[in-house]
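These notes concern the structure reproduced below.
The values are calculated or read from the model by the stated rules, or taken from the named source; none is laboratory data. This one's a predicted model, so the numbers in the text were calculated from it and none came from an experiment. Here the Cβ is made from the backbone with ideal geometry for all residues, glycine too, and neighbour counts use every protein chain on show. Heads up: the accessible areas ignore ligands, DNA and RNA and are worked out on the full protein's heavy atoms, side chains in. Shrake-Rupley method; radii C 1.70, N 1.55, O 1.52, S 1.80 Å.
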Amino acid sequence: MTDPFGFLRIPREPVPARPVEERLGDWREVHAGQALLPLVSRQADRCMDCGIPFCHTGCPLGNLIPEWNAYAARGDWRAAYERLHATNNFPEVTGRLCPAPCEDACVLTINADPVTIKNVEQTIADEGLRRGYMGPRPPERHSGKTVAVVGSGPAGLAAAQQLTRAGHAVTVHERADRIGGLLRYGIPEFKMEKTHLDRRIEQMRAEGTVFVTGHDVGTAADADAHAHSDAHAHAHAEVDAVELRGRCDALVVATGAGERRELPVPGRELHGIHQAMDYLTCANRIQEGDLVDSPVTAEGRHVVIVGGGDTGSDCMGTALRQGAVSVVQLDINPEPGPGRTEAEPWPVYPKTYRISHAHDEARGREGRDPRLFACATLRFEGDASGRVRALHLTAVEPVGRSPLAGSERVLPAGLVLLALGFSGPERAGGLREQLGLELDERGNFARDAGFAARGGRAPGVFVAGDAGRGQSLVVWAIAEGRAAAAAVDRYLTGSTCLPAPVAAHDMPMSALGRMRYGDF
């Protein structure tokens, strides 16, 4: 166990980020190259061995946080690494990208500062890699069953790795030219360097998972299109989903929630207004070496980001590194307070005032928070060439979000990025029609509690991740991938030893008493 009095004598001390001026001059991670030990081991010693670890409940993966905290506190990195991977396929990803609802569920949070769980998680993963613990784990025997996974985001990769290790022959189909989904092209390099993703993909290849890129499942076959498999063989890139289902024993749909929300206001057609994911993809392709210059750049422009979430924050960090003149982020929600409200008691994840690394960078450069809260876009204004030059906005009242009279103002805008979130899986393409997938009331692919797709033409088809849940966190995607893999394994063999941390309809904890285990 950890020091039983550590939480009383050791204050919370998160790993500090590199100085703003330094990290704005490169694309490396905000903590790149920093020595994390012994700081992290000392912080792990704050874990109070509370007896009822609510941090488990805050994490949909059910991570064994007190256990690996104890090992990290003693410097037993192999044991910590093994316990971390007992519940999480990609802790180097969640340790960088997850907003850490486990910390808000930490018992210390009742009247003190929580353990720096996220920092400990990332350090265990990185230290294990440095010490050579991340070897492949191929199956001891093969089942003779084949599984196709459509989509290579965190849900698809987690499902694929679990099923491969269970002995099934798994092929992951990705329509992009590289594996990783949003982890590859949606997450900026300064949040997660893609070497971490590449190492995991190589581990999975060594275990036996096959990856096919440039493969758009759900589009009719095209003789002129080609895909590149691991063997670099050329084949038709696009296949009918029913044909693919017929060639395997089970199929997992993990295509994500890619239907982007739009902003239907006057002037939307002006040049210089782009969806955030298009902008982030271009920036990531530069880091991959595909482009020398981005066709959509913030350099020398006033940038306005519409949307107050994580994608908007990622756009902000990217725009600052590209040399934007100014960056403003608009959030239609009111500015949150510094602490929990009565409607958000411990241990739920509260909507409090939070500063991302990108917000900190903007504040360090410009001396203020770059966000404007409780405001909405009225229209865009263009110049004579048809390019956006200004954004007209208004303040809104907090509940109905109706405009407040007399509050209109104008912001200069040479580049506008729409980061309004997603409304379920993409409607275009034939995947849903070909497999006969139904949609639920929220526009996601409908499924039962065991992740099996609803639809008359889809036996043996399962849905995992944002495609069935809707836009969510990376930790939920991994949890769903693991749980869907257990469902597929049971479907193929009649039983399973694979863990299933969540059911398809489980929800995060809320003040209404609904937890990921269902209603009380």
Note to self: Yes or no: the range 468-484 includes at least one residue that is free of Cβ contacts under 8 Å to residues at least 12 places away in the same chain and over 30 Å from Q275 (Cβ atoms).
What the structure shows: no
Next item on the list: Confirm whether Y133 is at pLDDT 95 or above, closer than 30 Å to R9 by Cβ and hydroxyl-bearing (S, T, Y).
Entry: no
Next item on the list: Of all residues in the range 372-388, count the ones that are open to solvent by 30 Å² or more (accessible area, probe 1.4 Å) and in contact (Cβ under 8 Å) with a residue 60 or more places away in the chain.
Entry: 6
Next item on the list: Just give me the residues in the range 65-74 being in contact with a Ser or Thr (Cβ under 6 Å, 6 or more places away or on another chain) and open to solvent by 20 Å² or more (accessible area, probe 1.4 Å), in sequence order.
Entry: A73
Next item on the list: Look through the range 313-342, keep the residues that are small (G, A, S) and surrounded by fewer than 24 Cβ atoms within 10 Å (Cβ to Cβ), and return whichever of them is farthest from V396 (Cα to Cα).
Entry: G323
Next item on the list: Look at the range 234-276 and say how many of its residues are within 28 Å of the chain's Cα centre (by Cα), surrounded by fewer than 21 Cβ atoms within 10 Å (Cβ to Cβ) and in a strand (DSSP E or B).
Entry: 3
Notebook entry, point to check: Name the residues in the range 5-64 that are aliphatic (A, V, I, L, M), open to solvent by 40 Å² or more (accessible area, probe 1.4 Å) and either in contact (Cβ under 8 Å) with a residue 60 or more places away in the chain or under 23 Å from R130 (Cβ atoms) (or both), would you?
Noted result: A35, L37, M48
Item checked: Close pairs (7 angstrom Cβ cut-off, 6 or more residues apart or separate chains): free of Cβ contacts under 8 Å to residues at least 40 places away in the same chain in the range 337-348, in a loop (DSSP other than H, G, I, E, B) and of a type in the set (S, T, Y) anywhere -> G337/T352; G337/Y353; P338/T352; P338/Y353; G339/T352; R340/T352
Item checked: Among (1) hydrophobic (A, V, I, L, M, F, W, C); (2) outside any loop (DSSP other than H, G, I, E, B); (3) open to solvent by 20 Å² or more (accessible area, probe 1.4 Å) - the single one I355 does not satisfy -> (2)
Margin query: Checking the structure you have, find out if any residue of the range 259-266 is closer than 16 Å to Q434 by Cβ and in contact with a Leu (Cβ under 9 Å, 6 or more places away or on another chain).
Written below: no
Next item on the list: Only residues in the range 173-191 that are within 18 Å of H357 (Cβ to Cβ) count as the first member; pair them with residues that are assigned to a loop (DSSP other than H, G, I, E, B) and open to solvent by 30 Å² or more (accessible area, probe 1.4 Å), Cβ under 7 angstrom, at least 6 apart or cross-chain, and list the lot.
Entry: E189/W27; F190/W27; F190/R28
Checklist line | Matching option when the condition is within 20 Å of G309 (Cβ to Cβ), buried (at least 24 other Cβ atoms within 10 Å of the Cβ) and modelled with pLDDT of 95 or more, among G481, G465 | finding: G465
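One line per residue, one yes/no per condition, for (1) surrounded by fewer than 20 Cβ atoms within 10 Å (Cβ to Cβ); (2) in a helix (DSSP H, G or I):
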| position | (1), (2) |
| --- | --- |
| M134 | yes, no |
| A158 | no, yes |
| G167 | yes, no |
| R184 | no, yes |
| R205 | yes, yes |
Notebook entry, point to check: Considering the range 358-371 alone, what residues qualify as being of a type in the set (K, R) and open to solvent by less than 70 Å² (accessible area, probe 1.4 Å)?
Noted result: R371
Margin query: Quick test of your reading of the structure: V410 fulfils all but one of (1) without any contact (Cβ under 8 Å) to a residue 60 or more places away in the chain; (2) more than 30 Å from V303 (Cα to Cα); (3) surrounded by fewer than 22 Cβ atoms within 10 Å (Cβ to Cβ); (4) not charged (D, E, K, R). Name the failing condition by number.
Written below: (2)
Next item on the list: Could you list all residues from the range 498-512 that are among the hydrophobic types (A, V, I, L, M, F, W, C) and either in contact (Cβ under 8 Å) with a residue 24 or more places away in the chain or assigned to a helix (DSSP H, G or I) (or both)?
Entry: L498, V502, A503, A504, M509, A511
Next item on the list: Could you list all residues from the range 65-106 that are touching a residue at least 60 places away in the same chain (Cβ under 8 Å) and over 25 Å from the mean Cα position of the chain (by Cα)?
Entry: A70, A73
